[in-house]
Amino acid sequence: MNILLADDHPIFRKGLRFLIEDNYKDCTITEVNNGKEAIDALKHDSFMFSIIDIDMPELSGIDVLHFIKDNDISTKPIILTMHNDELFFNESFNNGAIGFLLKEDSSLEIVDCIESVKVGIPFLSERIKPYLENRKEFNSKTDLIRTALKSLSKSEFNTLKLVAENKTSKQIAGLLFMTEKSIENYRSRICKKLKINGGSNSLFKWCLENKNYIATI
């Protein structure tokens, strides 16, 4: 049983490897430090399981899932993450993950996860199981937000990213070499396209609540 273990934290990686090898004496584990190394390994070797951290240098775990899906790689992907985040969960399952483990629970759940995924049954850490029930509604909301974000012009999107950094219109104007009035017009159009109502801080509040969507566009 060949397993790819992709995580940029060597101490965590070694600990998880020890747990897996202790329960599966016949397994062979290949360790990599980042998403690029994970893809290189998947190009050259076959793995029954690919255990992949979301946050890695070079390329993310989601990037690795995209590669596996786009190239029809025969492996069973299990995502590891520190983030108890519904967006990451849905991104992972939308792109082919079969298991989703929170790192802090992985020492207790890794064997159950492997056994479940081995027979094609999705496995989630206990604390994120409610996300599965919300999946259809959450994906619908995600699609609406992403469609709205993609409707923004390049200048509007650049403005939005700087609003997310809590920059004022005057600061944004200086950074984008535009007039403050132009930035105010962009902000107004952004609010209209994103259907944001309220006072002057409403757009910044929206950015805080939806920062992960902005990062994935």
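Just so you know, all these numbers are worked out from the coordinates, no wet-lab data involved. The structure displayed is predicted, hence computed values, not measured ones. Glycine also receives a Cβ, built like all others from the backbone with ideal geometry; neighbour counts cover every protein chain displayed.
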Would you work out which of G96, C27, A6 lies farthest towards the positive end of the dipole of the range 2-133, given +1 charges on the beta-carbon of Lys and Arg and -1 on that of Asp and Glu, about the Cα centre? C27
For the range 105-177: lysine pairs under 20 Å (alpha-carbon distance), excluding those fewer than 8 apart on one chain: 7
What does the charge count near T147 come to, summing +1 for each Lys or Arg and -1 for each Asp or Glu among other residues with Cβ under 13 Å from its Cβ? +4
Considering the dipole of the range 38-180 built from charges on the beta carbon (Lys and Arg +1, Asp and Glu -1) around the Cα centre, which of S155, T81, S106 is farthest to its positive end? S155
Given 0.36 nm per residue, what is the gain on full extension from D85 to K129 after removing their alpha carbon distance, in nm? 14.7 nm
Volume in Å³ per residue [convex hull over Cα atoms, computed for the chain]: 138 Å³
Any idea what the dipole of the chain comes to, in debye rounded to 20, about its Cα centre with Lys/Arg Cβ at +1 and Asp/Glu Cβ at -1? 1460 debye
Which one, A97, A164, A38, has the greatest fluctuation when you compute a Gaussian network model over the chain with C-alpha springs under 10 angstrom? A164
Highest-fluctuation residue, S107, S140, S116 considered, GNM on the chain with Cα pairs under 10 Å: S140
In terms of the Cα gyration tensor, with a ≥ b ≥ c the square roots of its eigenvalues, is the range 60-144 rounded because a/c is under 1.5, prolate because a/b exceeds b/c, or oblate? oblate
Could you give me the ³J(HN,Hα) list for the range 141-146, computed from phi with Karplus coefficients 6.51, -1.76, 1.60 and θ = phi - 60°, whole Hz, x at Gly and Pro? 5, 4, 4, 5, 5, 5
Computed over the range 2-133, the relative contact order (Cα-Cα under 8 Å, seq sep at least six) in percent reads 21 percent
Return the distance in nm (one decimal) between the two label points of a simple spin-label model at F18 and N158, each offset 7 Å from Cα along Cα→Cβ. 5.1 nm
How long, wide and thick is the range 1-123, going by the Cα atoms along their three principal axes, in whole angstroms, largest first? 32, 32, 29
Within the range 37-53, list the residues whose amide N lies under 16 Å from a label point set 7 Å along Cα→Cβ of T28. 41-50
Taking only the C-alpha atoms, wrap a convex hull around the range 118-217 and report its volume per residue in Å³ as a whole number. 134 Å³
Among N90, N201, N33, which one shows the highest mean-square fluctuation when the chain is modelled as a Gaussian network with alpha-carbon springs under 10 Å? N201
